[in-house]
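The structure appears right after this line, and notes come after that.
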Amino acid sequence: MRAALDRLYNAAGVLAALFMIGTLAMVIAGIAGRLLHFNLPGTDAYAGYCMAAAGFLALAHTFRRGEHIRVTLILEHIGPRAQRVLELWALGVATLLSALFAYYSARLSWQSWDFHDISTGNDATPLWIPQLTMAVGTVVLWIAFLDEFILECRGARLAKVPDEALHNE
Amino acid sequence: MDALITTLLIGALFALLGSGVWIGIALSGVAWIGMELFSSRPAGDAMAVTIWGSASSWTLTALPLFVWMGEILFRTRLSEDMFKGLAPWLERVPGRLLHTNIIGCTIFAAVSGSSAATCATIGKMTLPELKARGYPEDITIGTLAGAGTLGLLIPPSIIMIVYGVSANVSIAELFIAGVIPGILLASLFSGYIVVWALLNPGKIPIASERTTFAQKFHASRHLIPVVILIAVVLGSIYVGVATATEAAAFGVVGSLCLSAVQGSLNRKTFFDSLMGATRLYCMIALILSGAAFLTIAMGYIGLPRHLAEWIGSQGLAPVWLIVALTLFYIVLGCFLDGISMVVLTMGVILPTVEAAHIDLLWFGIFVVLVVEMAQITPPVGFNLFVLQGMTKRQITWIARQAIPMFLLMSVAVAMVWIWPQLIMWLPAHMKLGG
């Protein structure tokens, strides 16, 4: 179970990285099209979809690596018992909100499919397809929060030091 | 009623943030509470539509690409090369190699969009080199902490993209507008080092080797790759052949080429930089998502408009508005990172700023300057964290060394207020790309 979940987060993360390359490829395709005078309609929109996919699919992986930022000022200065209570509270809130986020993202994608919602740009993409990445990414994030919440309840959560998170911003 | 709503929402925000809820999630939570309690619209659907719209918008695509470019350059030998190229020229200036901190950060800032990355990349080179030559550690670390923040002001800049998207200001213009204030701030830092060196003559070690002009010139060849990269990225924006996003794509390809030429590009560094960039972008994207939802929720409730009307009715002169905002951001900067600060406040403050007839391009650079100050204010300041990790010193000690830099930044804010042309002149002379 543990291994399967970790594989899920990492697989979504790798998929996100592929969409990152996709974002670059779409922007370059747009430039090349303009310079070499061939017309690739909708590269702007595709770049946007790829970027969104990269962001949403990486959510759980980034969370597991401890790289989503939060204010730890209070957490660092209280005793272990209070810390545990506060961690449970933060993870509980995050699980609840990510569940709402996941549910309404899935609903948006489903509604776009149901109403045959088409992008208004010149890419004319049926919107449910790119929106599906948001639904999948947020569902995986919800699973990751729930996973972490249960681990914390059982006292089996690993303390993580975000090492790479430092050179951000 | 307004006062009650505001107090309740701000209270909820601080409770969620303070209790360690992840920032992006906390923003969504407050937006949800606000919409459920004070608006008749369904919160869930508004959340999904708004977040999807902001997360997939074309203007924002410059952000992941510049993040990626920074991650690639972080894993090259660029900073070593810059040190080799710069050091011979600085042996005769008062303060000598201390200036490699300032000039190194200024140059690296022109290819990097982030302050902490600039600080880390330059610091991993200058800190050990300067220590080995006997430079006092306090001023070395203090100047590095300050100069690292130039990563935000000198384009490309992640925070400017975030501001440009929230305020609907051209990112290309913001980038170009940051150039002169960035150079101004770098000159202030360098000037401080010169004055400090003249006041403390014994503290700077004497020059180790004399070099001829020809040798200096020859050493400068190490600077060629970074200069080309700057020319490609900023040049293409300034002459109008590329939008910010396209320049970012050039930047990624250019940094990969640079890394390949140097021989530091391999499967591992490529994969590391890609995954690092994906996670870093994702971290920012979560905050942006929460902020987009919060902004729309605030709009439905009508808070920003009421705030603008209230401040307008106070008859506050614009200068006092700016002074108040500066203080507000400095306090906020003690607890929040720069991106969260900008996205959190923009939705609420922009109508007020517009009502006071303050130019949004000018205001963008102002915000970047105060966010820079926040990078070096304890207890939460990203440059302080970076330097703490690199030097194993106490964060309060590092912050104390950076106080002169903080004061110089305040001087810069005052200068751009007195002479707005420092910001407005260059963008007025650029050609805009599509």
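The values are calculated or read from the model by the stated rules, or taken from the named source; none is laboratory data. Since we're looking at a predicted model, the values are computed, not measured. Cβ placement follows ideal geometry from the backbone for every residue including glycine, while neighbour counts extend to all protein chains displayed. For accessibility, only protein heavy atoms count, side chains too; no ligands or nucleic acids. Shrake-Rupley method; radii C 1.70, N 1.55, O 1.52, S 1.80 Å.
So, B:G142, is that one surrounded by 14 or more Cβ atoms within 10 Å (Cβ to Cβ) and either modelled with pLDDT of 90 or more or in a loop (DSSP other than H, G, I, E, B) (or both) or not?
It is true that B:G142 is surrounded by 14 or more Cβ atoms within 10 Å (Cβ to Cβ) and either modelled with pLDDT of 90 or more or in a loop (DSSP other than H, G, I, E, B) (or both).
Filter the range B:212-229 down to residues that are assigned to a helix (DSSP H, G or I), among the β-branched types (V, I, T) and surrounded by fewer than 19 Cβ atoms within 10 Å (Cβ to Cβ) and give me whichever is farthest from the chain's Cα centre (by Cα).
The extreme case among them is B:I224.
In this structure, is A:L100 in contact (Cβ under 8 Å) with a residue 12 or more places away in the chain, facing another protein chain (nearest Cβ under 9 Å) and open to solvent by 20 Å² or more (accessible area, probe 1.4 Å)?
Here the answer is no, as A:L100 does not meet what is asked.
When you scan the range B:200-211, how many residues do you find that are touching a Gly at 6+ places or on another chain (Cβ under 9 Å) and loosely packed, with under 15 Cβ neighbours inside 10 Å?
1
State whether one or more residues within the range A:25-48 are open to solvent by 10 Å² or more (accessible area, probe 1.4 Å), more than 7 Å from every other protein chain (Cβ to nearest Cβ), among the polar types (S, T, N, Q) and assigned to a loop (DSSP other than H, G, I, E, B).
So far as the range A:25-48 goes, yes, one or more of its residues are open to solvent by 10 Å² or more (accessible area, probe 1.4 Å), more than 7 Å from every other protein chain (Cβ to nearest Cβ), among the polar types (S, T, N, Q) and assigned to a loop (DSSP other than H, G, I, E, B).
Yes/no matrix, rows are residues, columns are (1) of a type in the set (D, E, K, R); (2) in contact with an Asp or Glu (Cβ under 9 Å, 6 or more places away or on another chain); (3) surrounded by fewer than 23 Cβ atoms within 10 Å (Cβ to Cβ):
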site: B:K84; (1), (2), (3): yes, no, yes
site: B:T100; (1), (2), (3): no, yes, no
site: B:G104; (1), (2), (3): no, no, no
site: B:A109; (1), (2), (3): no, no, no
site: B:P128; (1), (2), (3): no, no, yes
site: B:R133; (1), (2), (3): yes, no, yes
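Within the range A:71-86, count every residue that is in contact with a Leu (Cβ under 8 Å, 6 or more places away or on another chain), more than 7 Å from chain B (Cβ to nearest Cβ) and part of a helix (DSSP H, G or I).
Summing the residues that are in contact with a Leu (Cβ under 8 Å, 6 or more places away or on another chain), more than 7 Å from chain B (Cβ to nearest Cβ) and part of a helix (DSSP H, G or I) in the range A:71-86 gives 1.
Sort out for me the helices (runs of 4 or more DSSP H) sitting completely within the range B:147-187 that have 3 or more residues that are open to solvent by less than 10 Å² (accessible area, probe 1.4 Å) and in contact with a Leu (Cβ under 6 Å, 6 or more places away or on another chain).
Qualifying helices (runs of 4 or more DSSP H): B:158-167.
Do we find that B:L37 is at negative phi and buried (at least 16 other Cβ atoms within 10 Å of the Cβ) in this structure?
No; evaluated as a whole, the condition is false for this residue.
Looking at B:W310, is it assigned to a helix (DSSP H, G or I) and either of a type in the set (D, E, K, R) or at pLDDT below 85 (or both)?
yes
Can you tell me which residue is nearest to B:L130 (Cα to Cα) among those in the range B:195-211 that are outside any helix (DSSP H, G or I) and charged (D, E, K, R)?
Step by step, filter the range B:195-211, then rank; the result is B:E209.
Looking at the range B:245-282 only, could you name the residues that are free of Cβ contacts under 8 Å to residues at least 24 places away in the same chain, of a type in the set (A, V, I, L, M) and within 13 Å of another protein chain (Cβ to nearest Cβ)?
Selection gives B:V253, B:M275.
Quick one: which residue in B:T76, B:T106, B:T100 is more than 9 Å from every other protein chain (Cβ to nearest Cβ), over 25 Å from A:A102 (Cβ atoms) and not in a helix (DSSP H, G or I)?
B:T76
Quick test for you: out of B:A31, B:A62, pick the one residue that is more than 7 Å from chain A (Cβ to nearest Cβ), in contact with a Phe, Trp or Tyr (Cβ under 6 Å, 6 or more places away or on another chain) and open to solvent by less than 10 Å² (accessible area, probe 1.4 Å).
B:A31
Please find, among A:A17, A:A53, the residue that is touching a helix residue (DSSP H, G or I) at 6+ places or on another chain (Cβ under 7 Å), surrounded by fewer than 23 Cβ atoms within 10 Å (Cβ to Cβ) and facing another protein chain (nearest Cβ under 10 Å).
A:A17
For the range B:322-336, which residues satisfy the criterion of being open to solvent by 60 Å² or more (accessible area, probe 1.4 Å) and part of a loop (DSSP other than H, G, I, E, B)?
Passing the criteria: only B:F335.
Test each condition in (1) assigned to a loop (DSSP other than H, G, I, E, B); (2) farther than 20 Å from B:A55 by Cα for A:E67 and report the one that comes out false.
Here A:E67 meets the rest and fails (2).
Would you check if A:E152 is more than 9 Å from chain B (Cβ to nearest Cβ), among the charged types (D, E, K, R) and within 30 Å of B:P378 (Cβ to Cβ)?
yes
Among the candidates B:G11, B:G70, which residue alone is within 14 Å of another protein chain (Cβ to nearest Cβ), open to solvent by 10 Å² or more (accessible area, probe 1.4 Å) and in a helix (DSSP H, G or I)?
B:G70
Just checking, which of B:D81, B:D45 is farther than 17 Å from B:I122 by Cα, charged (D, E, K, R) and either assigned to a helix (DSSP H, G or I) or more than 11 Å from chain A (Cβ to nearest Cβ) (or both)?
After applying the criteria, what remains is B:D45.
Scan the range A:124-146 and give yes if some residue there is in contact with a helix residue (DSSP H, G or I) (Cβ under 6 Å, 6 or more places away or on another chain), more than 11 Å from every other protein chain (Cβ to nearest Cβ) and open to solvent by less than 20 Å² (accessible area, probe 1.4 Å), otherwise no.
Yes, the conditions are met somewhere in the range A:124-146.
Considering only residues that are of a type in the set (A, V, I, L, M, F, W, C), open to solvent by 60 Å² or more (accessible area, probe 1.4 Å) and not in a loop (DSSP other than H, G, I, E, B), which ones fall in the range B:254-270?
B:C257, B:V261, B:F270
Could you check how many residues of the range B:235-244 are of a type in the set (A, V, I, L, M, F, W, C) and either open to solvent by 30 Å² or more (accessible area, probe 1.4 Å) or without any contact (Cβ under 8 Å) to a residue 40 or more places away in the chain (or both)?
2
Where in the range B:359-402 are there helices (runs of 4 or more DSSP H), lying fully within it, with 3 or more residues that are open to solvent by 10 Å² or more (accessible area, probe 1.4 Å) and touching a Gly at 6+ places or on another chain (Cβ under 9 Å)?
B:382-391, B:395-401
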